[in-house]
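The values are calculated or read from the model by the stated rules, or taken from the named source; none is laboratory data. What you see is a predicted model, and the numbers here were worked out from it, not measured in a lab. Note: ideal-geometry Cβ built from the backbone for every residue, glycine included; neighbour counts use all protein chains shown. Heads up: the accessible areas ignore ligands, DNA and RNA and are worked out on the full protein's heavy atoms, side chains in. Shrake-Rupley method; radii C 1.70, N 1.55, O 1.52, S 1.80 Å.
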Amino acid sequence: SSSIYPQTPSRPRIPSSLGGVVGARKSRGHVSIIVSDLPSLTNEVSSLLSSIEVTLEEQRMRRLDRLKPPSRLRRNWWVAAFGLPAASYLMYKLTKRHGWFYLMKILAAKVSDIFRDHVSEPLHSIYQELFSHTGRLDVADRKARISAIESLKKMIRSWLDESFPKMPLEEKIRLSEAMDISLIEQSKEESIKHILELNSVVRMSLIEMQFIKKELFNALVAMDELMGSNEINMRIAAMTPAVIMIIAIRRAFRLLFYAFFQIGKSKEEIYASFRQTILDIERLIVMRDNPPPPPSPLPWGSTKPADTNHISYCSKGGLQTLSADDLGMLLLHIHECRNILWQSPHRFPPDILRNLSEDLAELAGERGPVSVRQQLQIISRMTRTYPFMKPKYGIPFNMIMSKWN
């Protein structure tokens with residue numbers, strides 16, 4: 001259409017905001033622009049650029065708002081839908097009769113009893129037995145036991161002197177020292193048949209009661225020795241419910257924070273993420289370590305020479321180095337490792353954090369050019385040096401799925 005209907009050059013459009021400082025003049029078919037006030041023009045252009053930047057920023061924020069993930073409450077709606085009604089009903093049932101103050105008082109008393117029975121007293125008993133001069137306190141009265149034994153021997157000796165005066169002295173001493181009451185039992189069986197020998201029966205019964213008292217003291221002492229030999233075992237067993245409760249509460253809070261509310265990450269998850277990134281780096285570098293040449297083209301294919309642009313390594317002086325694409329991928333992985341270190345520095349000791357930063361700098365070539373073989377040696381050193389690089393249970397499956405998704 002332009003060849004049929006020739007167009008005349010139109011007058012250039014001047015923005016309304018610049019009308020006072022810019023003018024146009026036509027001479028001999030050419031249009032020249034005249035700037036009458038350069039500072040005013042500069043100010044107006046700056047204001048236009050500022051307004052454009054503000055508008056672009058608003059548009060960018062409006063587009064990014066659509067990409068924001070939903071809130072934690074919306075992501076975990078099922079926790080609020082089921083947990084809040086259940087918790088509300090439970091608290092209503094507990095506080096319906098006596099109120100909040102009574103519930104808190106009962107709860108504090110229960111916690112105090114559990115702490116005293118399963119933590120405080122066992123620890124105090126173990127400390128007293130191992131590190132104090134008094135040792136473990138005996139339950140039985142050993143002095144009362146010795147006194148009861150001596151009294152029983154005297155009673156048996158006195159009864160033998162009166163009942164069997166012709167018995168040899170050595171036999172009396174033997175029976176009294178052995179606290180043998182077989183003769184007393186036989187005499188009691190004979191004397192109980194006659195009512196006139198009631199005083200003798202009462203005396204022999206008192207001797208038997210003293211013998212039973214002595215046996216009770218012996219049983220208490222034996223039980224005391226048994227408890228003393230197993231005191232630490234029983235105290236540790238008494239602390240087991242408290243330890244189990246603490247572990248259960250800790251796991252419940254970790255599950256609540258890390259899984260439900262997603263408040264940060266646990267130490268195991270951070271270490272697993274770092275190991276997974278290092279594994280990706282090692283997988284990338286291993287495939288570039290002295291790879292074989294590409295196969296020759298098929299005879300029935302194209303006669304064009306094989307394209308060698310896909311070879312992702314370069315050879316300099318007999319040493320393989322990464323190409324630009326692979327080096328960019330390596331830097332992305334290293335940046336991911338550094339983000340883990342920057343976002344969770346409290347999960348790593350200071351010396352390990354410093355050494356990791358230095359190793360990543362060497363791996364990226366920031367300390368000088370490195371070959372593929374040197375990078376593999378750096379990764380091998382990292383895996384061998386740091387304890388968290390040696391997983392006990394492997395990489396969690398959900399970490400691998402989140403990595404690929």
*Using θ = phi - 60° and the Karplus form 6.51 cos²θ - 1.76 cosθ + 1.60, what ³J(HN,Hα) does each residue of the range 57-69 get, whole Hz, x for Gly and Pro?*
5, 5, 5, 5, 5, 5, 6, 6, 4, 6, 8, 5, x
*Within the set of other residues whose C-beta is less than 12 Å from the C-beta of Ser357, count the net charge using Lys and Arg as +1 and Asp and Glu as -1.*
-2
*To the nearest 0.05, what FRET efficiency results for Glu150 and Val202 with a Förster distance of 25 Å applied to their C-beta separation?*
0.70
*Out of every Cα-Cα pair in the range 197-287, what percent are more than 22 Å apart?*
69 percent
_For the range 118-130, 3J(HN,Hα) per residue [Karplus equation, 6.51 cos²θ - 1.76 cosθ + 1.60, θ = phi - 60°, Hz, x = Gly/Pro]_ = 10, 10, 5, 5, x, 5, 5, 5, 5, 5, 5, 6, 8
_Net length gained if the chain between His346 and Met234 were fully extended (0.36 nm per residue, minus Cα distance)_ = 36.5 nm
_Residue list for the range 86-118, given a label point 7 angstrom along the Cα-to-Cβ vector of His124 and an amide N cut-off under 12 Å_ = 116-118
_Amide H of Gln320 versus every other amide H placed in the peptide plane: which residues, excluding those fewer than 5 positions away on the same chain, fall under 5 Å?_
Val372, Arg373
_Exceeding 26 Å between C-alpha atoms, which entries from my cross-link table qualify? They are Lys154/Lys213; Lys188/Lys213; Lys188/Lys214; Lys143/Lys188; Lys110/Lys267; Lys154/Lys188._
Lys143/Lys188; Lys110/Lys267
*FRET efficiency for Met223 and Arg251, Cβ-Cβ distance as r, R0 = 56 Å, nearest 0.05?*
0.90
*Assign one of three labels to the range 31-177, namely rounded, prolate or oblate, based on the Cα gyration tensor with a ≥ b ≥ c the square roots of its eigenvalues; rounded applies when a/c is under 1.5, prolate when it is not and a/b is larger than b/c, and oblate otherwise.*
prolate
_Separation in nanometres of the label points that stand 7 Å from Cα toward Cβ, at Leu279 and Met167_ = 8.6 nm
*To the nearest 10 square angstrom, how much accessible area does Val370 have with a 1.4 angstrom probe?*
40 Å²
_Using a Förster distance of 35 Å, the FRET efficiency for Lys213-Phe115 (Cβ separation, nearest 0.05)_ = 0.30
*Could you pull out the chymotrypsin sites (Phe, Trp or Tyr not before Pro) across the range 33-131 that fall in loop regions by DSSP (anything but H, G, I, E, B) with no more than 11 other Cβ atoms inside 10 Å?*
none
*Obtain the nm distance between the two label points defined at Leu41 and Lys105 by a simple spin-label model: each point lies 7 Å from its Cα along the Cα-to-C-beta direction.*
8.8 nm
*asked:* Out of the trypsin sites (Lys or Arg not before Pro) in the range 40-126, which ones are loop residues according to DSSP with at most 11 other C-beta atoms within 10 Å?
replied: Lys96, Arg97
*When only DSSP loop residues count, what chymotrypsin sites (Phe, Trp or Tyr not before Pro) in the range 166-269 have their Cβ near at most 16 other Cβ atoms within 10 Å?*
Phe261
